[in-house]
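Peer 1: Sharing a structure, written as structure tokens. Questions coming.
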Amino acid sequence: METKLSSEYWQNRYLNAQTGWDLGAVSPPLKAYASQLSSQKLKILIPGAGNAYEAEYLHQQGFTEVYVADFAEAPLLTLKQRLPDFPAAHLLYQNFFEIQDTFDLILEQTFFCALNPELRPAYAKKCAELLKPGGKLVGLLFDTTFEKPGPPFGGSAAEYRAYFEPYFHFRTFAPAYNSVKPRAGHELFMILERKAI
Ligand SMILES: C[S@@+](CC[C@H](N)C(=O)[O-])C[C@H]1O[C@@H](n2cnc3c(N)ncnc32)[C@H](O)[C@@H]1O
């Protein structure tokens, strides 16, 4: 049954081409971050990946351990068509909160803001659980509020800090300087390192 923010809701957004968040290309801050990674063997998760242009970029750069997760099937099928040699086993058609694996790196972009804000503490905890000790959560968070009801749901750096502080060291948590134009001045770039527990 479709309810707001259910997998059916998101699947229908793709089927009806109501995907205003979709950049149609790799996000510049994530591209810049990925381009300086030293090992192509890093095991990387992109949750709520949608059309996953970041996965495409990493795949083209020779990264072999890239996983994308989404509980809407449509974008995963699109990715499969776009990248026939992307490993099928790396397309995780499942709820983020049910993924059982560990990764070196999680890349965040417009997934956190798509979740019901009540799930934010659970998102921070789940990211920590999915990361190996020293693993990193890297990506973008909206540093703004939206007039229309979400998704996307906005917030502030101070609010977000409280969710991540129990599990992560903050290496970078600052306004992004290379956002796409429509998001310029409204995004934080974060590099959070999982604490040893
Ligand atoms: C706003 S879209 C962003 C997609 C992509 N990150 C991008 O930037 O284009 C949010 C995505 O998260 C997915 N999603 C939402 N909740 C999810 C959950 N609990 N588990 C897995 N995917 C989820 C949706 O299906 C949708 O593809």
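Peer 1: What number of residues within the stretch 94-106 are crowded, with 17+ Cβ neighbours inside 10 Å and within 8 Å of the ligand (Cβ to nearest atom)?
Peer 2: So the count comes out to 1.
Peer 1: Hey, does the stretch 115-123 have a residue that's at pLDDT 95 or above and away from the ligand (no atom under 14 Å from the Cβ)?
Peer 2: yes
Peer 1: Go through the stretch 13-53 residue by residue and tally those that are small (G, A, S) and within 11 Å of the ligand (Cβ to nearest atom).
Peer 2: Of the residues in that region, 8 qualify.
Peer 1: Take the stretch 75-89 and flag every residue that is surrounded by fewer than 18 Cβ atoms within 10 Å (Cβ to Cβ) and in a helix (DSSP H, G or I).
Peer 2: L77, T78, K80, Q81, R82, A88, A89 - these are the residues of the stretch 75-89 that are surrounded by fewer than 18 Cβ atoms within 10 Å (Cβ to Cβ) and in a helix (DSSP H, G or I).
Results for (1) modelled with pLDDT of 95 or more; (2) out of contact with any Pro (no Cβ under 8 Å at 6 or more places or on another chain); (3) within 9 Å of the ligand (Cβ to nearest atom); (4) not acidic (D, E), shown as yes or no for each residue.
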| residue | (1), (2), (3), (4) |
| --- | --- |
| E56 | yes, yes, no, no |
| E65 | yes, yes, no, no |
| A69 | yes, no, yes, yes |
| P75 | yes, yes, yes, yes |
| K80 | yes, yes, no, yes |
| F86 | yes, yes, no, yes |
| L92 | yes, yes, yes, yes |
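Peer 1: Of the numbered conditions (1) in contact with a strand residue (DSSP E or B) (Cβ under 8 Å, 6 or more places away or on another chain); (2) open to solvent by less than 30 Å² (accessible area, probe 1.4 Å), L42 satisfies every one except a single condition; which is it?
Peer 2: (2)
Peer 1: From the list T145, T172, which residue is closer than 20 Å to A32 by Cβ and away from the ligand (no atom under 16 Å from the Cβ)?
Peer 2: T172
The values are calculated or read from the model by the stated rules, or taken from the named source; none is laboratory data. Predicted model, so just to flag it, every value in this text is computed and none were measured. Positions of Cβ are backbone-derived with ideal geometry, glycine not excepted, and every protein chain shown enters the neighbour counts. Remember, those area values only see protein heavy atoms, side chains included, never the ligands or the DNA or RNA. Shrake-Rupley method; radii C 1.70, N 1.55, O 1.52, S 1.80 Å.
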